[in-house]
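Accompanying notes for the structure given below.
The values are calculated or read from the model by the stated rules, or taken from the named source; none is laboratory data. It should be emphasised that the depicted structure is a prediction, and the values quoted were computed from it without experimental measurement. Virtual Cβ from ideal backbone geometry, glycine too; neighbours counted across all protein chains shown.
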Amino acid sequence: MKFADDTKLFGICNNESDYPKLQEDVSKLESWALAWQMKFNVDKCTVMHIGSSNKKCSYQLGNSLLEFTGTQKDLQIWISNDLKFEFHTLEACKKANKMLGMIKRTDIHKDPRILVSLYKSLVRPHLEYCCSVWAPHYQKDKD
């Protein structure tokens with residue numbers, strides 16, 4: 001999958017023969033990128049293994065072994081290898097709290113109408129961005 005400058009390659013590996021196929025796909029992607037003079041930054045390329053029965057095989061792009069990651073940001077949504085959005089909700093709350101702190105430090109009038117307007121335009125979008133995708137299920141994430 002490609003979106004702007006992001007490229008995602010994924011596959012389902014149910015048995016031992018699927019892992020070499022995925023490495024072959026990585027090699028084909030590398031060949032395609034070379035043919036189109038599009039170089040991948042290998043330092044930014046990572047592998048995420050999803051599932052508890054995953055064998056966690058290593059893959060390489062060119063001569064470099066790709067690093068494993070437990071979380072990955074995709075279109076401003078943090079996804080973890082257990083497919084829970086706990087890390088995303090924590091990051092969204094951090095951003096929202098930073099915006100609240102900025103409003104508190106810079107607004108000298110403290111007019112309720114202005115504060116509500118600032119909250120709705122600066123804080124709330126961080127809390128609601130793509131909530132239909134990550135829809136908090138656990139009570140701790142809702143809190």
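Quick notes on this structure:
- Failed item, numbered, when residue 21 is tested on (1) outside any loop (DSSP other than H, G, I, E, B); (2) modelled with pLDDT under 90: (2)
- Test set (1) aliphatic (A, V, I, L, M); (2) surrounded by 12 or more Cβ atoms within 10 Å (Cβ to Cβ); (3) at pLDDT below 90 - residue 26 fails condition number: (3)
- The stretch 79-137, subset surrounded by 14 or more Cβ atoms within 10 Å (Cβ to Cβ) and of a type in the set (Ser, Thr, Tyr), residue farthest from residue 50 (Cα to Cα): 119
- Every residue from the stretch 29-65 that is under 17 Å from the mean Cα position of the chain (by Cα) and of a type in the set (A, V, I, L, M): 47, 48, 50
- Number of positions in the stretch 1-57 that are touching a Ser or Thr at 6+ places or on another chain (Cβ under 8 Å) and free of Cβ contacts under 8 Å to residues at least 12 places away in the same chain: 1
- Listed by first and then second residue, the pairs with beta-carbon distance under 9 Å, at least 6 apart or on different chains, first residue in the stretch 97-110 and farther than 15 Å from residue 125 by Cα, second surrounded by fewer than 13 Cβ atoms within 10 Å (Cβ to Cβ), are 107/114.
- Conditions (1) modelled with pLDDT of 90 or more; (2) over 21 Å from the mean Cα position of the chain (by Cα); (3) more than 28 Å from residue 126 (Cβ to Cβ); (4) of a type outside the set (A, V, I, L, M); number of the one not met by residue 13: (1)
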